[in-house]
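The values are calculated or read from the model by the stated rules, or taken from the named source; none is laboratory data. The shown structure was predicted, so the numbers you read here are calculated from the model rather than taken from an experiment. No Cβ is skipped: glycine too gets one built from the backbone with ideal geometry, and neighbour counts run over all protein chains shown. Heavy atoms of the whole protein, side chains included, go into the accessibility calculation; ligands, DNA and RNA do not. Shrake-Rupley method; radii C 1.70, N 1.55, O 1.52, S 1.80 Å.
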Amino acid sequence: MAEQELDSMSLSELRLLSAFLAMETTDSLLCLSRECGGGKLTEKVQSFIWDHCLTKAVGKGYESYSKKFVKKLITEIESNHGNVLDELYEQYASYMISFKDDNPVKENERVCKCISFLFPDCFKLSICPKSRKLVVPLQCSLNMLEGDTGCSLWPSSLFLSELILSYPHIFSGKSCFEVGSGVGLVGICLAHVKASKVILSDGDLSTLANMKLNLEKNRLNIETNLPEPSIENQNVVKCIHLPWESASEKELQNFMPELILGADVIYDPSCLPHLVKVLAILLNKKKSYIENREGSIPNSFPGDGKVNDTHDLDASSFHAQRINTSEVKGIINDAVDLVSRADPVAYIASVIRNADTFDRFLALADQADLRIKDLTSTLRPFDLLPYMKSYDRSSIRLFTVT
């Protein structure tokens, strides 16, 4: 969309368009539509929806999505005895002819969404586009739970992306490695703020293929073969197949990034020992992971069932956000040395869905001599997704691991 067209929009109109392109719920779209009309679904608002949303939406899944929205929009206007534009009636009739009710988009199918990061006026950094809007097209799955989790857009990925765009000085010029990269949104944002090297990884080949497609959609070059560390190129994003359980120390030591990132990677208890092993190797520049463990916790392996009391943390309290984490040993609210520190650091964003799983992660991290800091209250990103009502950023915790 032309920049002059965006400039002519009000903030409420820009939010409505962004929500439509991101395929937010129809209820969210109606709420934002009313905001555009001062509380009413006026003919001016309907014209905006017709001109900027319905006639210009292209991509897989938008026809089914638009049909649901138009149906609800017409119903809402009629129930309040308002006037519906003829164009909306005609568009809905067209949907009825071309798209039958018995053939909706299936939950396991993938659709194309556009995630729009809206920068506030106070944001003066060079990464901010002139339009004050960064649009990231993504092919992703509608099914977050059954068999296609890696191709779904998870809330912690949105949070990490906001963090990167809000604090580009932390990531700019740094070598970055993401574990469990999913749809590739975090990597796209890292490339935007000019990280010196971006390496994305995933253990699922289907997810990796979808990720590469998304990088191409965002005009990023992809490098897949990494036998040796290569010359840094800010236009190149490297993608590797990396199942945590089979990742070798020698393989991981080829990368040795300055920053490691992970979004919603603390979810499967059976995967946690392997995740902790990968993090420990990537974070330890001075000696091998095996040597480090032998020198500190002999005859022990992450995942052997031993729980260390060093992290005296009740994750259920974490989930309810009632705990004062500054009083918990090993969890420190301090973001002062993030940019200047020479040693590698990992940024992990996660929704704590299961207290026992999170406790297990803390215990394994302690056994591997990893130090965890909670930065949730001290390193808060700008709200760059104000239109996304489905995104509950308050449920996400941000940790560093060193």
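Here are some notes:
- Here region 168-219 was treated as a single set of alpha-carbon atoms; its pair distances binned every 5 Å from 0 give 5, 23, 31, 22, 13, 5, 1 percent.
- Residue 154 accessible area, 1.4 Å probe, all protein chains in place, Å² to nearest 10: 50
- Extension gain, residue 43 back to residue 68 (0.36 nm per residue minus Cα-Cα distance, nm): 7.1 nm
- Solvent exposure of region 31-100 as accessible area per residue, Å², 1.4 Å probe: 56
- Debye, to nearest 20: dipole size of region 1-96, +1 on Lys, Arg Cβ, -1 on Asp, Glu Cβ: 340
- At R0 = 56 Å, FRET efficiency that the Cβ-Cβ distance of residue 194 and residue 81 yields, to 0.05: 0.55
- Hz values of 3J(HN,Hα) by residue in region 20-27 - Karplus curve (6.51, -1.76, 1.60), Gly and Pro given as x: 5, 5, 8, 6, 5, 5, 4, 4
- Rounded to whole Hz, the Karplus (6.51, -1.76, 1.60) HN-Hα couplings of region 78-89, x for glycine and proline: 5, 5, 9, 6, x, 9, 9, 4, 4, 4, 5, 4
- With K and R counted +1 and D and E -1, the other residues having a Cβ less than 10 Å from that of residue 118 yield a net charge of +2.
- Gyration tensor (alpha-carbon) shape descriptor, region 162-282, a/c threshold 1.5: rounded
- A probe of 1.4 angstrom, applied to the heavy atoms of all protein chains, finds residue 274 with accessible area near 60 square angstrom.
- Charge sum, other residues only, whose C-beta stays under 13 Å from residue 138's C-beta, Lys/Arg counted +1 and Asp/Glu -1: +4
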